[in-house]
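So the structure is just underneath, and the comments pick up after that.
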Amino acid sequence: SLVWSFGKAGASNAGLFEKVADHIVSLDNIGEFKPLELSNILSAYAKANQTNSILFQKVADHIVSLDNLHTFRPEDLSNTVHAFATTDEAHPRLFKTVSNRIITLGNLKSFKPHQLSHVLWAFSKAGESNPKLHVRIADHIYLFCKLELFEPSDLSAILLAFGKVEGSHRTRLFQKIADHMVEIGGFDSFEPHEISDVLEAYATADVIHPRLFARLHAHVNAHVESTSLSEDARRNLVWAYEKAEKAEQA
C-alpha cells in the first residue's frame, strides 16, 4: 500500500496519513483487510512517527472481536503490538488477546529473533505485564534458540524487557545470554545505547556474571566515549565492575 511505502521509507506526509485514517475509520467493516495489511498499516504510522487514535482503536477493536487469531502470523502479531507501543496508543484488551494467542501456540519456532524482541519490547513499553507470556518466551529462547542469530539490538531489548520480571526463567535466560556475549569475544557490533541497556538490565535484575561484566568494562574503557553513555549507564557500569571484583575475591 502507499502508506506502507511511505512508512518503510521513513517519509512523513501528515495529509496522506490523515486521509488514509479517515477512509478506514469511515468503513462499516474492516473484516476484508488481511492481518498482514492491518499490521502493515499500523507499522507505517509508527515508522513515520504518525498516529491516529481513532484508527488504532478501530483496528484493535476489530482484532479483539475476532473468534481467534489463527490467521495472524508471528510477523502480524509482533508488528501490531510494536506499532501500538511505538505510537503510545493504549489498548489493554488487544495486548491481552495477542498474548493469549502466543501463549496457546504449540511452539514459538515460527517466530524470528527480532519478532520475539519486538513483542517483549512492546509489552514492556506499553506497561502490559503478562507473566505467562514472559515465561513462555524466556523458556523458548533458553531451550531452542541459537543466540548467534540474534542481533545486538534483539539481545539488549530482550534483556531490558526481562529486567523487572522476576523468576528462575529470567535468571537462566540472563546467564545464557551472558555466556553467549562472552563467547563471541567482543562488543564492536553493539551500539553504546545497546551496551547501556545490557548494563541496566543486569543491574535491575541483580543477576551477576563476572566474566561478562569484566569484558563490558574493558570494552567501554577501550572503545566507548564516556560522553556517549548516560549517567545511569555509567553508574551501572561501576556496579557491574564492583560485582565482578567481589566475585573474583570470593
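The values are calculated or read from the model by the stated rules, or taken from the named source; none is laboratory data. The shown structure was predicted, so the numbers you read here are calculated from the model rather than taken from an experiment. Here the Cβ is made from the backbone with ideal geometry for all residues, glycine too, and neighbour counts use every protein chain on show. Just the protein is used for accessible areas: all its heavy atoms, side chains included, with ligands, DNA and RNA removed. Shrake-Rupley method; radii C 1.70, N 1.55, O 1.52, S 1.80 Å.
Put a plus charge on the Cβ of each Lys and Arg, a minus charge on the Cβ of each Asp and Glu, and nothing anywhere else: the dipole of the stretch 90-202 about its Cα centre is then about 820 debye.
Charge dipole (Cα centre; +1 on Lys/Arg Cβ, -1 on Asp/Glu Cβ; no other charges) of the chain amounts to roughly 580 debye.
Normalising the average separation of contacting C-alpha pairs (under 8 angstrom, six or more residues apart) by the number of residues puts the relative contact order of the chain at 13 percent.
Under a Gaussian network description of the chain, with springs only between Cα atoms under 10 Å, the residue in 21, 83, 138 that fluctuates furthest is 21. In this structure, the pairs whose alpha-carbon distance is over 31 Å, taken from 132/246; 19/112; 109/164; 58/112; 34/176; 176/246, are 132/246; 19/112; 34/176.
In the full protein context, the chain carries 51 Å² of accessible surface per residue, based on a 1.4 Å probe and ignoring ligands, DNA and RNA. A Stokes-Einstein calculation at 25 °C with viscosity 0.890 mPa s, built on the Kirkwood radius of the stretch 53-131 over Cα pairs, returns a diffusion coefficient of 195 µm²/s. The value of relative contact order for the stretch 120-250, using C-alpha pairs under 8 Å at least six residues apart, is 25 percent. Whole-percent P(r), the stretch 101-250, all Cα pairs, 10 Å bins from 0: 11, 43, 34, 11, 1. From the alpha carbon centroid of the stretch 113-168 to that of the stretch 19-37 is 31 Å.
Is the stretch 94-156 rounded, prolate or oblate when judged by the Cα gyration tensor, a ≥ b ≥ c being the square roots of its eigenvalues, rounded requiring a/c under 1.5 and prolate requiring a/b larger than b/c? Since a/c reaches 1.5 but b/c is at least a/b, the shape of the stretch 94-156 is classed as oblate. Within the set (i) 69, 40, 26; (ii) 51, 47, 33; (iii) 59, 44, 29, the number that Cα extents along the principal axes in Å takes when calculated for this structure is listed as (i).
Each of 181, 162, 199 was placed along the dipole of the stretch 153-199 (beta-carbon charges, centred on the mean Cα), and the one lying farthest toward the positive end is 162. Across 65, 43, 156, mean-square fluctuation computed from a Gaussian network of the chain (C-alpha pairs under 10 Å connected) peaks at 65. Loop-only GluC sites (Glu not before Pro) in the stretch 27-99, please: DSSP not H, G, I, E or B, and at most 13 other Cβ atoms within 10 Å. Filter output for the stretch 27-99: 32. Computed per residue of the chain from DSSP H runs no shorter than four, each worth -39500 (n - 2.57), the mean residue ellipticity at 222 nm is -22000 deg cm²/dmol.
Of the accessible area of the stretch 1-133, computed with a 1.4 Å probe over protein heavy atoms only, carbon and sulfur atoms account for 51 percent. Using a probe of 1.4 angstrom, how much of the accessible area of the stretch 178-226 is carbon and sulfur, in percent? For the stretch 178-226, the apolar C and S fraction of the accessible surface comes to 43 percent.
For the stretch 43-177, relative contact order (Cα pairs under 8 Å, six or more residues apart, normalised by length) works out to 24 percent.
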